[in-house]
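Take a look at the structure below.
The values are calculated or read from the model by the stated rules, or taken from the named source; none is laboratory data. Computed from a prediction, not measured in an experiment: that's the story for all the values here. FYI the Cβ positions are ideal-geometry reconstructions off the backbone, even for glycines, and counts take in every protein chain you see. Each accessible area value is taken on the protein alone, full model and side chains, heavy atoms only, with ligands, DNA and RNA left out. Shrake-Rupley method; radii C 1.70, N 1.55, O 1.52, S 1.80 Å.
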Amino acid sequence: MASRVVRGTAIAAGVAAVVGGGVGFALGQPVQDEDVVPARKLAADLCARLGDVSVLLPKASSGRLAQSGSGAVTCSAVVGRQQASTFSAASVKVTITPYGGKLAGAGEAPFTPAAMAKKAFDRSPFDAVPDRPYPTKGDQTAVGLAGESFTTRVLVQRADVVVLVEYTASPVQAETARQAATVLADRAIWETK
């Protein structure tokens, strides 16, 4: 009886070793930090490539976007009422964020940069914008009491990049502000291809 138990245990241990070795071989090597794809570097002149944004700003504005940031790039232009020759004021801010991959759970393939960008895009509370070539969300809020000042936000995701355009202007029509922010977001997506 004791020899049957020992023999059964030995056989079970041998089967477990073979199965464990086979599973380990099938799964491959464990995922290392170097297997994760890092975020790509954006061009140093990305904001300049977005072009002239003077149509979004009051007259007599330069229309040039100032660039800051190294990982995520921010392009911005602000014209306050005291700087403008008319009663207008506006600000434009474009944030372009390239995402890198990330380690997943044990034994899982790492998340791709595109998957991480999609997760960030999906977390946004903005409303989905239908009939767009890339996933797009938007939000618009009235600023002030006259109904002629709006803050418009447009979020667009393509592959591993998420672009957020924030456009505030006074006076401006709601649909005009929305279209302008969307065009600028599309231009930023195009320049990161």
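Remarks
- Once segment 155-173 is narrowed to residues that are in a strand (DSSP E or B) and of a type outside the set (A, V, I, L, M, F, W, C), the residue that is farthest from I189 (Cα to Cα) is S170.
- Filter pass, C75 being at pLDDT 85 or above, open to solvent by less than 40 Å² (accessible area, probe 1.4 Å), in contact with a strand residue (DSSP E or B) (Cβ under 6 Å, 6 or more places away or on another chain) and part of a helix (DSSP H, G or I): no
- Verdict on A185 being closer than 24 Å to K118 by Cα and touching a residue at least 24 places away in the same chain (Cβ under 8 Å): yes
- So L164, is it open to solvent by 50 Å² or more (accessible area, probe 1.4 Å) and hydrophobic (A, V, I, L, M, F, W, C): no
- For beta carbons closer than 7 Å, sequence separation of 6+ or different chains, a first residue in segment 36-53 that is touching a residue at least 40 places away in the same chain (Cβ under 8 Å) and within 16 Å of P98 (Cβ to Cβ) and a second that is among the small types (G, A, S) and assigned to a helix (DSSP H, G or I), the qualifying pairs are L50/A188.
- Looking across G138, G147, one residue alone is open to solvent by less than 60 Å² (accessible area, probe 1.4 Å), in a loop (DSSP other than H, G, I, E, B) and within 25 Å of A90 (Cα to Cα). It is G147.
To keep it simple, each residue is scored yes or no on (1) in contact with a Leu (Cβ under 9 Å, 6 or more places away or on another chain); (2) among the charged types (D, E, K, R).
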site: K93; (1), (2): yes, yes
site: T112; (1), (2): no, no
site: A117; (1), (2): no, no
site: F121; (1), (2): yes, no
site: P133; (1), (2): no, no
site: F150; (1), (2): no, no
site: L155; (1), (2): yes, no
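- Every pair of residues 6+ apart whose Cβ atoms lie under 8 Å, when the first sits in segment 96-124 and is under 25 Å from W190 (Cα atoms) and assigned to a helix (DSSP H, G or I) while the second is open to solvent by less than 20 Å² (accessible area, probe 1.4 Å) and among the aliphatic types (A, V, I, L, M): A117/V161; A117/V162; A120/V162; F121/L155; F121/V162
- Top-ranked residue in segment 174-192 [being in contact with a strand residue (DSSP E or B) (Cβ under 8 Å, 6 or more places away or on another chain) and either of a type in the set (D, E, K, R) or outside any helix (DSSP H, G or I) (or both); ranked as least open to solvent (accessible area, probe 1.4 Å)]: T192
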